[in-house]
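Below you'll find the structure, written out as structure tokens, and then a few comments.
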Amino acid sequence: MSSVLLGSLKQAVRSTTLILLPLAFISLVAWATAGSSTGNTADPLRAAIWFYLIAHHIPLELSISNNSISGALTFFPIGALLIPFLAIKSAYARLTEERDVKTLREKRAVVFSLALTYSFCGTVLSLFATGTTVKSPFYIVFPILFLVASVSGFLASNLLPSHAIQLPWQRALRIAWIATIFLIGFGGLIFTLSLAWHFSTVVQLTRVIEPGVFGGLAFLAVQILYLPNFAVAALSYLAGSGVVIGSGSWLNPFVHRIDEIPAVPLLGALPVRPHPYLALLVVFVIALGALIAKYAQQTYSDPTEAKRFLASTIGFIAFFMLMSARASSGELLSSNLASVGPQWWLLPILLSAEITLGALLYIGIPLIAKKIQDSRSADAKNL
């Protein structure tokens, strides 16, 4: 076990370095072009570590520029999780090649040791970058790093069960995962169309920032990493749970309550007034529920098994959407923007209700039609 930990530590240091080097380079270039008279060469290095923590969705408490900016940063780009995933995947591939890992038990040991050492390295690294202006307690850093590294290692190692799907909940888990991807993709499609429709507003917001050449490239990368967040927000808008951009705001097809928006180009895709007709797009979510019910009837001849499958599928979808919505929302630097993103608690409730409605309509309409037909047949015989 000690040899596994030693090899994992070596790969954890390598993975951490692979993430930090490009971040440090970008921070150094941005610092050099900014022309600050009060900064020092340690600033870009600390900024690189802050970006490292942000990529792992570790919350930061901020108090910058004599408290002119104070609050928390918990509104993180979901796309940034791809960075630690690729790093962990590379480290896992090297470890398994060096140790000739084959069995599932050996794979699990490698994933656990790699997650443990990677979290340790990241936690130690965070101690050098946090202080009075940026805070992130180590007891928060370590468990989040361990969770991200463990999930990344699990996905990279292909530790999913290899046996055939038999139980209803197992098939429900697979269908729920596919349905969640479809729903977020649908939200992403609608957001893309809105972004193209309001492209002039996006350009105006970009000009307000004036990030320069290198800052513009970095800012573009950040915007791309935030695209999954806005896809979930668009889905929340269409589902009726809506989107919030700061306290007191709420946007959905029937309500448009917002005073101003931050200078973030992607927010230019926000609607400028209510659009009640967009609520009709919820029919796609209801149709998804009908498709799931149809699949249940075709797969299970036993009504009890079909009901278990349906209940499990809707429950898993609600869980996945809860996690996605929570990861897509948070506080953005200021207490005025304490809540940015989808209504994370309301989105899974409404989506589950709409999918359930679709399933009930698919199952109930034929039963009602059959009862009406039988009633008419009975009346005809009596006559």
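Roughly how many Å² of residue 284 are accessible to a 1.4 Å probe, to the nearest 10?
100
Using every Cα-Cα pair within the stretch 228-383, state what percent have a distance larger than 25 Å. Intermediate values should be presented prior to the final figure.
Details: 5338 of 12090 pairs.
For the stretch 228-383, the share of Cα pairs beyond 25 Å comes to 44 percent.
Spelling out what I want: for every residue of the stretch 271-278, take phi, set θ = phi - 60°, compute 6.51 cos²θ - 1.76 cosθ + 1.60 (Karplus), and round to whole Hz; glycine and proline get x.
Result, rounded to whole Hz: x, 9, 7, x, 10, x, 5, 5.
Given a Förster distance of 41 Å, report the FRET efficiency between residue 311 and residue 86 from their Cβ-Cβ distance, rounded to the nearest 0.05. Show your work: numbers first, answer last.
On the way: r = 37 Å, r/R0 = 0.89.
Given R0 = 41 Å and the Cβ-Cβ separation, E is 0.65.
So, taking all protein chains as they sit and a 1.4 Å probe, how much accessible area belongs to residue 331, in Å² rounded to tens?
40
In Å, the Kirkwood hydrodynamic radius of the chain over pairs of distinct alpha carbons?
On the way: mean 1/r = 0.0423 Å⁻¹.
About 23.6 Å, per the Kirkwood formula over Cα pairs.
State which entries of 107/135; 307/371; 89/135 exceed 24 angstrom in Cα-Cα distance in the structure shown.
Numbers: 107/135 35 Å; 307/371 21 Å; 89/135 29 Å.
Beyond 24 Å between Cα atoms: 107/135; 89/135.
With a probe of 1.4 Å, find how much accessible area the chain has per residue, and write the answer as a whole number in Å².
Result: 55 Å² of accessible area for each residue.
Run the accessible area of the chain with a 1.4 Å probe and give the carbon-and-sulfur part as a rounded percent. Kindly include the intermediate steps, with their values, before the conclusion.
Numbers: 14460 of 21110 Å².
The value for the chain is 68 percent carbon and sulfur by accessible area.
Take 259, 302 and sort them by solvent-accessible surface of the protein heavy atoms, 1.4 Å probe, largest at the top.
On the way: 259 160, 302 70 Å².
If we order 259, 302 from most to least accessible, we get 259, 302.
Find how much the distance from residue 170 to residue 193 grows on full extension, using 0.36 nm per residue of separation minus their present alpha carbon separation; answer in nm with one decimal. Can you show the working numbers first?
On the way: separation 23, 0.36 × 23 = 8.28 nm, distance 3.53 nm.
So the chain would gain 4.7 nm between residue 170 and residue 193.
The values are calculated or read from the model by the stated rules, or taken from the named source; none is laboratory data. Model, not experiment: these values are computed from the prediction. In this analysis, Cβ positions are derived from the backbone assuming ideal geometry, glycine residues included, and neighbour counts consider all displayed protein chains. Side chains are part of the model used for accessible areas, which takes the heavy atoms of the whole protein and leaves out ligands, DNA and RNA. Shrake-Rupley method; radii C 1.70, N 1.55, O 1.52, S 1.80 Å.
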